[in-house]
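Working notes, beginning with the structure itself.
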Amino acid sequence: MELMFIGHSYGFPDNLFICLTDPYQENPIVYGTDHEVFFDEITKQGTLEDFFNSFMTKEELIEIVKMKLEK
């Protein structure tokens, strides 16, 4: 099994990977593991597309900040 590290966060899980031999190469599953149980426990995080769609665009962030500042 070959894995590619795709990201790190400060929450659980803090290490994110995809499997390079995933049968769905266009949209592989993202797996997470935590530094405290590194690869003893692995969680399925969803697809790579879902992972990227979970981030805000610059415009979305600016709109949220503007709304909060107006209150």
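The values are calculated or read from the model by the stated rules, or taken from the named source; none is laboratory data. Source: prediction; values computed, not measured. Cβ sites come from the backbone with ideal geometry, for glycine too, and all protein chains shown count toward neighbours. Remember, those area values only see protein heavy atoms, side chains included, never the ligands or the DNA or RNA. Shrake-Rupley method; radii C 1.70, N 1.55, O 1.52, S 1.80 Å.
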_Quick check on my filter: what residues within the stretch 44-64 are under 16 Å from Asp22 (Cβ atoms) and either surrounded by 10 or more Cβ atoms within 10 Å (Cβ to Cβ) or of a type in the set (A, V, I, L, M, F, W, C) (or both)?_
Gln45, Gly46, Thr47, Leu48, Glu49, Asp50, Phe51, Phe52
*Would you check if there is a residue in the stretch 37-45 being in contact with a strand residue (DSSP E or B) (Cβ under 7 Å, 6 or more places away or on another chain), at positive phi, without any contact (Cβ under 8 Å) to a residue 24 or more places away in the chain and of a type outside the set (Lys, Arg)?*
yes
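Which residues, taken from the stretch 1-11, are open to solvent by less than 100 Å² (accessible area, probe 1.4 Å) and either aliphatic (A, V, I, L, M) or part of a strand (DSSP E or B) (or both)?
Across the stretch 1-11, the qualifying residues are Leu3, Met4, Ile6, Gly7.
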*Does the stretch 36-71 hold any residues that are in a strand (DSSP E or B) and over 16 Å from the mean Cα position of the chain (by Cα), and which are they?*
Phe38, Glu41
*Would you point out the residue of the stretch 12-40, among those that are surrounded by 12 or more Cβ atoms within 10 Å (Cβ to Cβ) and among the charged types (D, E, K, R), that is nearest to Glu2 (Cα to Cα)?*
Asp22
